[in-house]
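Accompanying notes for the structure given below.
Just so it is clear, none of the values below were taken in a lab; they were calculated from the coordinates. What you see is a predicted model, and the numbers here were worked out from it, not measured in a lab. So basically every Cβ, Gly included, is an ideal-geometry build from the backbone, and we count neighbours across all protein chains shown.
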């Protein structure tokens, strides 16, 4: 099954983008080649660009407060109280680490003049060639273990943000309402009831060779499946087949 995720709020959209960038950061950091660590550094700048556009720390703290309230309101006779207590402790620990961060999310990088010079050059196509940035070329020729240590040191101040994103999205995905459904001739509509839905997850068999597109508001979800297009846009071509799929509605 292929999983497609559709954020239904701008806040969750930002968290999913950052989660994806963090995943790529980890992949490139684990590599040994100079090109791996070049890609890791560019990814670090991408993290700073996305995180610096929003009041991310405040958003995460608000989401964690909401999660904590939801966990504490669960009926004791219906849950594993030890598990809930451990989750509440993790939420509080993560929130405390975020609270202790000072200033903007990206100000830790702004204090490093060398990184800021590289960041400016990185926005120029091919701007980090050896003849443009000889000091960077020298750094890339250092042993991979040393490069990895410095990359980890540069990203370490952002770790509370990463932990907060992982926890919020993990709790959100874990609170999913699962539905097995069929989209008649590729079209499906579902009324949203109850608590606000923040994330929709669609699983579909890759053998069907269809891609979902979704539009939603707080009352209704409209889902349409279509064949893949080479221009990456949602297909407007109607399907002649019914599409079985799994829909998960994630709420707080």
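For 196, 250, what's the fewest-to-most ordering of other Cβ within 10 Å of each Cβ?
Ascending number of Cβ neighbours within 10 Å: 196, 250.
For the chain, modelled as a Gaussian network with Cα springs under 10 Å, which listed residue fluctuates most, 31, 103, 174?
It is 103.
Give me the percent relative contact order of the chain, please, defined on Cα pairs under 8 angstrom at least 6 residues apart.
Contact order relative to length: 26 percent.
On full extension of the chain, what length is gained from residue 72 through residue 154, given 0.36 nm per residue of separation minus the C-alpha to C-alpha distance?
25.9 nm
To the nearest 10 degrees, how steep is helix 113-122 against the longest Cα principal axis of the chain, on a 0 to 90 scale?
Once rounded, the angle reads 60 degrees.
Run the quick spin-label model on residue 16 and residue 97: label points 7 Å from Cα toward the beta carbon, then report their separation in nm to one decimal.
In this crude spin-label approximation the distance works out to 2.4 nm.
Volume per residue, Å³, of the convex hull around the alpha-carbon atoms of the chain?
Considering the Cα atoms of the chain, their hull volume per residue is 162 Å³.
Compare 78, 152, 240 in a GNM of the chain, Cα atoms joined below 10 Å, and give the one with the largest fluctuation.
78
Would you mind listing how long region 95-169 runs along its three principal axes, going by Cα atoms, in whole Å with the largest first?
Result for region 95-169: principal-axis Cα extents of 44, 26, 23 Å.
Build a GNM of the chain with springs between Cα atoms under 10 Å: which of 94, 43, 26 gets the top mean-square fluctuation?
26
Find the relative contact order for region 1-122 and round it to a whole percent, using C-alpha pairs within less than 8 Å whose residues are 6+ positions apart.
Dividing the mean separation by the residue count of region 1-122 yields 25 percent.
Go ahead and run the numbers for FRET between residue 131 and residue 32, Cβ-Cβ distance against an R0 of 25 Å, rounding to 0.05.
For residue 131 and residue 32, the calculated efficiency is 0.50.
With everything on Cα atoms, drop me the angle between helix 56-72 and the longest principal axis of the chain, reported from 0 to 90° to the nearest 10.
Its long axis makes an angle of about 40 degrees.
Could you calculate the contour length gain from residue 5 to residue 193, that is, 0.36 nm times the residue separation minus the distance between their Cα atoms, to one decimal place in nm?
Going from the current span to full extension adds 65.7 nm.
Hey, can you rank 122-128, 167-173 by average C-beta count inside 10 Å, highest first?
167-173, 122-128
Report, please, the projected area of region 64-139 averaged over directions, based on the convex hull of its C-alpha atoms, in nm².
8.3
Given contacts defined as C-alpha pairs under 8 Å and at least six residues apart, what's the relative contact order of region 177-251, whole-number percent?
Once divided by the residue count of region 177-251, the mean separation gives 50 percent.
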